[in-house]
1. Over the Cα atoms of the protein assembly as shown, how large are the radius of gyration and the largest Cα-Cα distance (Dmax), in Å?
2. Output the 0 to 90 degree angle, nearest 10, between the alpha-carbon long axis of helix A:92-102 and the longest principal axis computed from the alpha carbons of chain A.
3. Take the Cα atoms of the stretch A:213-332, find their three principal axes, and give me the spread along each one in whole Å, biggest first.
4. Could you tell me whether the stretch A:1-146 comes out rounded, prolate or oblate from its Cα gyration tensor? Rule is a ≥ b ≥ c as square roots of the eigenvalues, rounded for a/c under 1.5, then prolate if a/b exceeds b/c, otherwise oblate.
5. Taking Cα pairs under 8 Å and at least six residues apart, what relative contact order does the stretch B:83-177 come out at, in percent?
6. Tell me what chain A gives for mean residue ellipticity at 222 nm when only DSSP H runs of n ≥ 4 count, each as -39,500 (n - 2.57), the sum divided by the residue total, rounded to 500 deg cm²/dmol.
7. Enumerate the residues in the stretch A:1-27 having an amide nitrogen under 18 Å from the point lying 7 Å beyond the Cα of residue A:56 toward its Cβ.
8. Between residue B:128 and residue A:105, with labels modelled 7 Å along Cα→Cβ, what's the label distance in nm to one decimal, could you check?
């Protein structure tokens, strides 16, 4: 078990900077997920922790020891790669036991430990096979076994589930979670898949463009996104964003075509803001209801348990998720209503969150 | 692409067959000639029906040219060259692909350029070096005045000398460096996923460990292909062994074949010459047959 401390870490490739000064603290035994779009520097950050990538500036410490100059093997990390990276010419047992062989562990003890790991991962009957003769999920488990056998202080996962099909991904997700509960080693998991991120994380780090946008529990990140980027990146369908200006009695939206009556604590008249509202926080009401915005229905996506209704708000796309059995005709007009507490405000210039309301953060649902 | 075109199929097979005949016909004629007696082989035209003296001719050829020790010499040399090339080029390519150091590309291109300098072009300097391996160092010491200095101080005249003429090392070493092999390995190493290298690093394997445990087993097809080609190439070397083996005990099978070729004024014993040729052809053929499975895989497909 080990804590990880990252201070002012930067990464440059020749002249391009891809990670711009990241400060993070991962507590011992924590499962941290780094979430971000491709190219945001999340994998680079993970590889810097692993020691596969040089740290251009700043320090990374594992358990209080600065590891900048240490070789990967000296850092006590194990890594699970996206493409599994199994050695194709070795059997499953040899793959899992290779790090022990390198470390000079005697063959008998090695076999014993391979057996133990294989038992946990239910790979016992596959130990003699070559990786080529395994399915994707099995390969993934071998890759995890290879990481586990060293009993590392830190587990690093680099998008390990992205090559699996949807069903297997859900299954492996819960297996990783169970494994973590069992081993309780500090884990850092990189992904671009927000469902994966939300379900796995004790704590979520959202990155964009080489910077950390927000750190928090999945519930915090979802209910109080720190920036416009986080708001639209986390949640599916994405949060609706409307550009507006603060007026005396509320907000004028979409170039004055719509008015919204909200109390405007803390915002100056004339300030440009973006108003965000989650699709699932919108209620559909009869057109003409006082205070409701009117919009015309574009498209309905049936999801079985509910449906996503895409409407057009004077050219701005807007979506609603509802579990009610309503089926408005495409082209018909509906009214949209939402509670003030469900609105998120972001500065139009900086994209940062503007705290207009004292929103309450629900307890993390675990 | 799968097509059903019977006429085209017929023609492609015809071309294939023509190519086959073109390649095999000379060997068939050699084999037939080797089975005739002195009279039949000199008939014009020579009968294309095999004669009955095949084993007699083989035996005569074997004893006349004393092929036993010559084949052994050839085998040692060809095997040494092939093994040397496989090892040296693997190491060179490993260094070029997996390490970052100044002048890396320069070194790669220097190796590449040697493709344009086959042995025949540099035969004189190569001979000079083999005649006395330490000659270049002697020259450097003479030029820098180092030998003069040593003589002044210790009174010993520096005379470095290590000749490799008429030795297996002299036969093998100058042929071991290979740009082709380095290039073949380099291309293969470039297809090995980076993640594998990284996984090995995470598992704690150092560079040499990674090379021995991971890269070499993965490139065994490559090694087989390169080894086979180079074995054949070395087996067929003529000029170099001819030049540096003046001593019969180090003579090669291929160069000794000329002893079987009828001299002007001698009896035209072409049947014996052909039989000798057949004998010399057998070892490389065995190598090709044994290695064929690996060999083809190594040249065509990258194992995924």
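1. Cα only, the protein assembly as shown: 37.9, 123 Å (Rg, Dmax).
2. Once rounded, the angle reads 70 degrees.
3. Reported extents, whole Å, longest axis first: 41, 37, 21.
4. Details: a/c = 2.30, a/b = 1.84, b/c = 1.25.
Judged from the Cα gyration tensor, the stretch A:1-146 comes out prolate (a/c at least 1.5, a/b above b/c).
5. Details: 51 pairs, mean separation 30.3, N = 95.
About 32 percent, as a whole number.
6. Here the helix-only value at 222 nm equals -7000 deg cm²/dmol.
7. Flagged as within label range: A:7-24.
8. Using points 7 Å along Cα→Cβ, the separation is 6.0 nm.
Read-outs: derived from the displayed coordinates by stated rules, not from any lab. The structure displayed is predicted, hence computed values, not measured ones. Neighbour counts are summed over all protein chains in view; Cβ atoms, including those assigned to glycine, are modelled from backbone coordinates with ideal geometry.
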